[in-house]
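Report on the following structure.
The values are calculated or read from the model by the stated rules, or taken from the named source; none is laboratory data. A quick note: this is a predicted structure, and the numbers were derived from the prediction, not measured. Quick reminder, even Gly has a Cβ in these numbers, built from the backbone with ideal geometry, and neighbours come from all protein chains shown. Heavy atoms of the whole protein, side chains included, go into the accessibility calculation; ligands, DNA and RNA do not. Shrake-Rupley method; radii C 1.70, N 1.55, O 1.52, S 1.80 Å.
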Amino acid sequence: PEVEEKPPPMEEALVHSNWKFRKFGYEELEAKILKSAEDGPIFAEYVDKISGYVSDTNAGAQDAAVKLCLSFITKIKAVKGGGILAEHCPSISFALVDKALGSRPGTKKIASDCLIEFGGCDLGPQSMATIINKGFNHKLPKVIIASVEVATEALSLFGPKVFPPAPTLKGMKALFDHKDAKVRKSCLTCVGEIYRWLGPAVKGILPELRDAQITELDTMFQEIKFGSAKPTKFPRFMDSQAIEQQQKSAGGGGGGGGGGGAADSVLDFLDPVDILGQLKKDFWSGLDNDQWKTRKESLDFLLNLLKAPKLAAGDYADLVRKLRSLFNDSNVVVLGLSIQALTKLGEGLRGEFSRHAHILLPTLIDMWKEKRPQVSKPVTDALDVYGKYCFSVGDEKFCTELDKGFKHKVAKVKVDCLQYLARLIPNQTPEAVTNCAINLGPVLIKMLDDADSTARSTSVQILGSILLIVGEDKLSKIFTQLDPKKLKQIQSVAASGGTESSSDNSNSASVSASVSASASASVRSAEKSSSSATSVASKSEEVGTSRAASSAKPGSPSISAVKKPGPAS
């Protein structure tokens, strides 16, 4: 037909042999979609045709088809799981990657937006799977580059909860050695964006790189502020409260036993690594070898595997049992490495390692009697990890073992246990701290009269932190018979937010610093924990009643003078 010929009806135009009429049809359909309700019947009618429109062989018509596609994706009602769009996301994404990302710059930009906007329909992983499987393996370098750029921008806008980065890193493995320098450069930029969200954990899941690439990445990482990334776009079905929560948790989250922080939540976005299948006969025989260097080689091999930030669940009992047997090794290097391996198991398995952590706890506490740093430092590192991910200070078994540590015949163990508890308390929930006060409060009160000045000052610090987090009403019974001077010291620590030291506290500055770093966060948690107050009320009665408060010594300072500060602004 002539150009001046009147376009046919939209349905005919959409399949017309003349590209100008097809372009007209795409534009007409887009106009109807934009005027339609988000759950109108037009979406179900045309959803299976969009991929065909996007694959139009004429550049001018394709440009209009890709615009139509973008309007379709952004206007359709977004529901969890993708709704009617979920079934057709793979075919539409395939057409966009294969036919449009290599097209004209304007068309390429709109096609990129389409792929990213699938995230708003709760179809981020499905869209990304096509980008990786088709785009990263495309024969044209320009399509590969465009695909990597889409992956980078999608993560930047929606964050790792919508577009998980682990599959992207896996898919880029071969691209780091691509013959096209621009492809390699785009991959490094993408890794930089992933680092902005996940931080150092990225290094544990990177493919093997050349030394020059590692150097370039390390230089780039130094210039990136990890922890500052926050999503600016969200699945459209999310309400304002869910969006606010996701913004707050971006790049951060809670740990297992009560600790947390940005590094903890990255595991949600990483695939677990199976190390047990890689421990062959030579590894096990090496641990039994008479030569300490051979035993060390096996441990070095294991530690290299344990660099993976997330470990697959499995039966680790034999491995833990074997590593524990090396606590009796005559070589201090082997002993230290065995503890390091158990530490890494706790980091990689988190809550899955709790059973083993509880079993190891009394042995590790006893090993604090060792003065050699090759032993004492790995022990401290291991217990800190377990306290963060594997158990809380409210666990009865934990309190029982720590109580034994307080009464250890070696004074160093007693002090190390106190300082350990002081490090853990600020990162715990109010309920856990309340249980800790019930179980360990009396012995901590006794420690205020200990012959060791560090034990005394650390006990003051711990009790002050407990008072700050739990509140005075739950601690009245513990403090009833307390010497007024000591009570005043505890109140002073609590009133200063867990940072003020007692007159004995010159030897425990590191403990004070540890407590002050997280005290305000714990108080904010306490303010938000009204729902958990009921569950601990019965236990609270054991440590505080109005009758007990009334029986206090005459002249004793009232603990009601200590007020919990409100949430930090």
Requested in this report: Can you give me the ranges of the helices (runs of 4 or more DSSP H) entirely in segment 285-393 with at least 3 residues that are more than 30 Å from Y195 (Cβ to Cβ), aliphatic (A, V, I, L, M) and without any contact (Cβ under 8 Å) to a residue 60 or more places away in the chain?
Outcome: 317-325, 332-349, 354-366
Query raised in the report: Taking segment 453-503 as the search range and keeping residues that are of a type in the set (D, E, K, R), farther than 19 Å from I438 by Cβ and part of a helix (DSSP H, G or I), which one is modelled with the highest pLDDT?
Result: R456
Query raised in the report: Quick one: is R423 under 28 Å from V320 (Cβ atoms), without any contact (Cβ under 8 Å) to a residue 40 or more places away in the chain and surrounded by fewer than 24 Cβ atoms within 10 Å (Cβ to Cβ)?
Result: no
Query raised in the report: Can we say F398 is open to solvent by less than 10 Å² (accessible area, probe 1.4 Å) and closer than 28 Å to A313 by Cβ?
Result: yes
Query - Residues located in segment 169-182, provided they are closer than 18 Å to M128 by Cα and either open to solvent by less than 40 Å² (accessible area, probe 1.4 Å) or among the small types (G, A, S) (or both) - result: L169, G171, M172, A174, L175
Query - Criterion: among the charged types (D, E, K, R) and either buried (at least 23 other Cβ atoms within 10 Å of the Cβ) or modelled with pLDDT under 95 (or both) - qualifying residue of E117, E149 - result: E117
Query raised in the report: Mind checking whether some residue in segment 304-313 is open to solvent by less than 30 Å² (accessible area, probe 1.4 Å) and modelled with pLDDT under 90?
Result: yes
Requested in this report: Go through segment 1-33 and give me each residue that's of a type in the set (V, I, T), open to solvent by 90 Å² or more (accessible area, probe 1.4 Å) and closer than 22 Å to I92 by Cα.
Outcome: V15
Query raised in the report: Restricted to segment 93-146, and to residues that are touching a Cys at 6+ places or on another chain (Cβ under 7 Å) and aliphatic (A, V, I, L, M), which residue is nearest to A242 (Cα to Cα)?
Result: L123
**Report entry** Among the candidates G159, G135, G82, residue that is on the phi > 0 side of the Ramachandran plot and free of Cβ contacts under 8 Å to residues at least 60 places away in the same chain
**Finding:** G82
Query raised in the report: Would you pick out the residues in segment 442-460 that are open to solvent by less than 10 Å² (accessible area, probe 1.4 Å) and over 19 Å from A494 (Cβ atoms)?
Result: A455
Query raised in the report: Looking at (1) in a helix (DSSP H, G or I); (2) open to solvent by less than 30 Å² (accessible area, probe 1.4 Å), which is the only condition S91 fails?
Result: (2)
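Here is a yes/no grid of residues against (1) of a type in the set (V, I, T); (2) surrounded by fewer than 19 Cβ atoms within 10 Å (Cβ to Cβ); (3) at pLDDT 95 or above:
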{"residue": "K35", "(1), (2), (3)": "no, yes, yes"}
{"residue": "S51", "(1), (2), (3)": "no, no, yes"}
{"residue": "D63", "(1), (2), (3)": "no, no, yes"}
{"residue": "V79", "(1), (2), (3)": "yes, yes, no"}
{"residue": "V97", "(1), (2), (3)": "yes, no, yes"}
{"residue": "L101", "(1), (2), (3)": "no, no, yes"}
{"residue": "T107", "(1), (2), (3)": "yes, no, yes"}
{"residue": "M128", "(1), (2), (3)": "no, no, yes"}
Report summary line: Taking segment 471-492 and keeping residues open to solvent by 10 Å² or more (accessible area, probe 1.4 Å) and under 17 Å from V393 (Cα atoms) leaves K474
Report task. Pick out the one residue from V433, V413 that is open to solvent by less than 20 Å² (accessible area, probe 1.4 Å), more than 17 Å from P362 (Cα to Cα) and either out of contact with any Lys or Arg (no Cβ under 7 Å at 6 or more places or on another chain) or assigned to a helix (DSSP H, G or I) (or both). Result -> V433
